[in-house]
Amino acid sequence: MKKIFKNSAGVTLTSLKILKTGLIASILILAFSTVLVVSANGDNKDKNKDVLAFTALLNGGQEVPETTSNAFGVVFMTLKKDEGILSYSITFTDDKLVGTETSAHFHAPANPSETAPVVFTVSPDVSPLGSPKTGSVGPLTNDQINDLTKGLFYLNIHSSAFPEGEIRGQVLPVSKVRYNGDDNHNDNSNSNGNDNMNMNDNMNQNGNDNDNSNMNNNSKY
């Protein structure tokens, strides 16, 4: 009985750790998306540009074939479409890798269950081995940008224990901000303005309906 309770407690503790890790990753992604939108609403000298944001969660379960690694990572990326430069910020638990990191690459095109050739080397060419990593790769071709926006890029960390990749994450789109050429406001602000106008119209309409209803009720007495 004690053994069963001990095993159950161990499973519960492991589940809580996994849940905590997932929550931290979700908070980081939400914070990154918020920073991107807030920055886009400020003054910007560059006009008529699309800024695309992407993210990836790295773990052994996404490798093909999957690995037993307990390492975990988060990747944030932005792409300016007119330049084709993909900027990245990579953080992962390098101390939990089964082996020693040997390289890190962007691969494409591939679905989550597939593998693909290397399209850009991150480490050791652009960024040094280890965590964190920040830098840029590119320029991407139009076909590569198309694959990226379709979720067909992935990034993985290779190690001495898993030469084909120890942890991997599919690169997924987060949001897009498009700047107008007429002013310093983006299309999202125009959309929000229209939403607010519609909300005000609905409130005014509801107010009129309430006034009519009150008048009808008073006429009964």
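The values are calculated or read from the model by the stated rules, or taken from the named source; none is laboratory data. This is a predicted model, so every value here is computed, not measured. Backbone-built Cβ (ideal geometry, glycine too); neighbour counts: all protein chains shown.
Consider the range 91-149. How many of its residues are within 19 Å of SER160 (Cβ to Cβ) and among the β-branched types (Val, Ile, Thr)? Here the count works out to 7. Against the test of being at pLDDT below 95 and surrounded by 12 or more Cβ atoms within 10 Å (Cβ to Cβ), the options LYS49, LYS3 yield a single qualifying residue, LYS49.
Within the range 95-139, which residues are within 17 Å of PHE76 (Cα to Cα) and outside any strand (DSSP E or B)? Selection gives VAL126, SER127, GLY130, SER131, PRO132, GLY138.
Among the residues of the range 104-134, those identified as polar (S, T, N, Q), more than 18 Å from GLU66 (Cα to Cα) and surrounded by 15 or more Cβ atoms within 10 Å (Cβ to Cβ) are SER123, SER127, SER131.
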